[in-house]
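Enquirer: The structure follows.
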Amino acid sequence: MTKKWIVALSLVTLLSGAVLSWAAGTQQDAKTVIGSATNALGAGSLKTIEYSGSGFDFVLGQAPNPSAPWPKFIDKTYTRVVDLEAPASRMQRIRTQGENPPRGGGQQPVIGEQTQNQVIAAGSPQAAALPDDLAMTLPYSFLRSAAAAKDTTVKPVSKGGKKYTVLTFSASNKAPIIGYLNDQNMLEMVETKIDNNVLGDIAYETAFNDYKDFGGVKFPTHIVQKQGGYPVLDLTVTSVKPNAPATITAPGGPAPAAGLPPATSEKLGDGVWLILGGYAAIVEDFKDYIVVIEGGQSDQRSEAVIAEAKKLVPNKPIRYVVNTHQHFDHSGGLRAYVAEGATIVTHQINKPYYEKIWANPHSLSPDKLSQNPKKPKFETMTEKKIMTDGNHVIELYHLQDFGHNDGMIIAYLPKEKILLEADGFNPPVQPATQPPATISPYTASLAANVERLKLDVQRIIPVHYPADNRKVPFAELQRAVGKG
């Protein structure tokens, strides 16, 4: 072996050793940083935690219009118990309407107090996602996940004029989870990205502030979480119980079936069908094409409706889909129709919003539109729009003074005397026989608009269809507003 080769081989050996030494040092640094942060929190022997307080929660995707933040509810009490080792979680809160009059925020406004319970444990549908959720919720869970991850790195970072030690590792969706430790080894911020079927890849951020000592364990007494740029939780913590009893088991009974049930159809008239198996949709056979009314929930649901529509009306394209409003559960399947080449019929306030958000990347969970991009096509309306081929007729109306959503559209089929509506009237499985003690303002507004428009309605198709798939006569809406 020549002298030149001996020198080269020696250099390669030295460089390889340096790389291995650097990698081992990085791993050791991360381990040391995690250990120091765990000790600073007093969490070395922490196995469970119970914390309570009050604050606000905000419903993602339920804003009253595209430019408003997520609507607010007041959490009068909030208690969460977490088994850090299982992991498992039990949350209970009592909340009230945070805005008066209520704006957006779900199917119906909260009247009085509402108790919510959520249990996630082995056997729960959300169990697989719980470790990532807890890493974004509790400093201790973040550090546990960082310690367990195989790709955790550590580096110094300056942000907002402050210096941090940053731990980074991959979440289950492959997006990085980034935690910022301050000079006292307290976790101040955690950032990651998650998929939203409407917004695409969105930022998910948690801020931990005002740490206090509770029985030797430090806990942040102000926690703010944001998704899509707006808060989803703003919690002030007043009580913390380290290693509190935490026997958390998933609710009994059979596990829910994965996904949505198959799409089924009911004939409503000549060339008109109701599609169930999820949120209700209507398919209408126009002369040269198909019109679908409501493209909600998800791409999975929309693909099932599209397949059923093409089975009912073969050899015709879906040219239009009518969108009742921009809430995520009612716009979550629209991208599938854009990929299909259909035109979106919606209120004019939604067009700029859809154009903006549908340009966002969907890299964490690619859908058909992200895989085969198409420019969305729109037909917008203000107060009224008629769709007809000379035989079939669909009348679209904008609801006035409707607190749930500023751009809400209802669809009326005059030949069939059928009204499709979303979130105005959500009838229970068993029809009410007596007028309600309290009338929902959304239901009252829907009834007032039907009267204003002088629509001759015999049957209502609620997009949130009764679970037993029963028919809903117009008389039920009248009883729900005290007129029956």
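The values are calculated or read from the model by the stated rules, or taken from the named source; none is laboratory data. Being a predicted model, the structure only gives us computed values, none of them experimental. Quick reminder, even Gly has a Cβ in these numbers, built from the backbone with ideal geometry, and neighbours come from all protein chains shown. What goes into the accessible areas is simple: the full protein's heavy atoms, side chains included, and nothing from ligands, DNA or RNA. Shrake-Rupley method; radii C 1.70, N 1.55, O 1.52, S 1.80 Å.
Enquirer: Restricting attention to the range 327-344, which residues are open to solvent by 10 Å² or more (accessible area, probe 1.4 Å) and in contact with a Gly (Cβ under 8 Å, 6 or more places away or on another chain)?
Expert: Residues satisfying the conditions are F328, D329.
Enquirer: Which one is nearest to E284 (Cα to Cα), of the residues in the range 387-420 that are of a type outside the set (A, V, I, L, M) and touching a Phe, Trp or Tyr at 6+ places or on another chain (Cβ under 6 Å)? Spell out how you get there, then give the answer.
Expert: At the first step, the residues of the range 387-420 found to be of a type outside the set (A, V, I, L, M) are 388-392, 395, 397-398, 400-407, 412, 414-417.
Going one step further and asking which of them are touching a Phe, Trp or Tyr at 6+ places or on another chain (Cβ under 6 Å), we end up with 389, 392, 395, 404.
On the way: D389: 11, H392: 8, E395: 13, H404: 27 Å.
Ranking the qualifying residues of the range 387-420, first place goes to H392.
Enquirer: For the range 177-194, what are the residues that are among the charged types (D, E, K, R), buried (at least 17 other Cβ atoms within 10 Å of the Cβ) and either in contact with a Pro (Cβ under 6 Å, 6 or more places away or on another chain) or over 22 Å from T48 (Cα atoms) (or both)?
Expert: Across the range 177-194, the qualifying residues are E191, K193.
Enquirer: Out of the residues in the range 369-380 that are within 19 Å of N323 (Cα to Cα) and in contact with a helix residue (DSSP H, G or I) (Cβ under 9 Å, 6 or more places away or on another chain), state the one that is surrounded by the most Cβ atoms within 10 Å (Cβ to Cβ). So that I can check it myself, show each step before the final result.
Expert: From the range 369-380, those within 19 Å of N323 (Cα to Cα) are 369, 374-380; that's our starting set.
Checking the rest, the ones that are also in contact with a helix residue (DSSP H, G or I) (Cβ under 9 Å, 6 or more places away or on another chain) come to 369, 374-378, 380.
On the way: L369: 20, K374: 13, K375: 8, P376: 18, K377: 14, F378: 16, T380: 14.
For the range 369-380, the residue satisfying everything is L369.
Enquirer: Within the range 34-50, take every residue that is aliphatic (A, V, I, L, M) and part of a helix (DSSP H, G or I) and give me the one that is surrounded by the fewest Cβ atoms within 10 Å (Cβ to Cβ).
Expert: It comes out as A40.
Enquirer: Okay, moving on. Evaluate the following for V224: is it modelled with pLDDT of 95 or more, in a strand (DSSP E or B), closer than 30 Å to Y353 by Cβ and not basic (K, R)?
Expert: Details: modelled with pLDDT of 95 or more: yes; in a strand (DSSP E or B): yes; closer than 30 Å to Y353 by Cβ: yes; not basic (K, R): yes.
For V224, the condition - modelled with pLDDT of 95 or more, in a strand (DSSP E or B), closer than 30 Å to Y353 by Cβ and not basic (K, R) - is met.
Enquirer: Can you say whether I460 is without any contact (Cβ under 8 Å) to a residue 24 or more places away in the chain, farther than 22 Å from A68 by Cβ and in a strand (DSSP E or B), as far as the supplied structure shows?
Expert: Values: without any contact (Cβ under 8 Å) to a residue 24 or more places away in the chain: no; farther than 22 Å from A68 by Cβ: yes; in a strand (DSSP E or B): yes.
Spelling it out, it is not the case that I460 is without any contact (Cβ under 8 Å) to a residue 24 or more places away in the chain, farther than 22 Å from A68 by Cβ and in a strand (DSSP E or B).
Enquirer: Here is a further query. Any residue that is surrounded by 14 or more Cβ atoms within 10 Å (Cβ to Cβ), over 23 Å from K267 (Cα atoms) and acidic (D, E) - is there at least one of those in the range 412-422?
Expert: No, the range 412-422 contains no residue that is surrounded by 14 or more Cβ atoms within 10 Å (Cβ to Cβ), over 23 Å from K267 (Cα atoms) and acidic (D, E).
Enquirer: What number of residues within the range 152-196 satisfy the criterion of being farther than 17 Å from H222 by Cα and of a type in the set (D, E)?
Expert: 2
Enquirer: Applying the selection to the range 428-443, what residues are buried (at least 19 other Cβ atoms within 10 Å of the Cβ) and either under 21 Å from E294 (Cα atoms) or of a type in the set (A, V, I, L, M) (or both)? Walk me through it before giving the result.
Expert: Here is the first cut: in the range 428-443, the residues buried (at least 19 other Cβ atoms within 10 Å of the Cβ) are 440, 442-443.
Result: Y442, T443.
Enquirer: What are the residue pairs meeting all of these: first residue in the range 397-416, first residue within 16 Å of S445 (Cβ to Cβ) and touching a residue at least 24 places away in the same chain (Cβ under 8 Å), second residue surrounded by fewer than 20 Cβ atoms within 10 Å (Cβ to Cβ) and basic (K, R), Cβ atoms under 8 Å, and 6 or more apart or on different chains?
Expert: These pairs meet every condition: Y397/K384; H398/K384; Q400/R452.
Enquirer: Which one is nearest to G61 (Cα to Cα) among residues in the range 277-318 that are in contact (Cβ under 8 Å) with a residue 40 or more places away in the chain and of a type in the set (K, R)?
Expert: Looking at the filtered set, the residue picked out is R301.
For (1) open to solvent by 10 Å² or more (accessible area, probe 1.4 Å); (2) in contact with a helix residue (DSSP H, G or I) (Cβ under 8 Å, 6 or more places away or on another chain); (3) modelled with pLDDT of 95 or more, each residue gets a yes or a no:
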site	(1), (2), (3)
G229	yes, no, no
P262	yes, yes, no
V272	no, no, yes
Y289	yes, no, yes
V292	no, yes, yes
K311	yes, no, yes
P314	yes, no, yes
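Enquirer: I would also like to ask the following. Has the range 381-401 got at least one residue that is open to solvent by 10 Å² or more (accessible area, probe 1.4 Å) and of a type in the set (G, A, S)?
Expert: Yes - at least one qualifying residue is present in the range 381-401.
Enquirer: Taking interchain pairs and intrachain pairs at least six residues apart, which have beta carbon atoms under 6 angstrom, with the first residue in the range 137-157 and closer than 21 Å to V81 by Cα and the second among the polar types (S, T, N, Q)?
Expert: Within 6 Å, the pairs are L143/T38.
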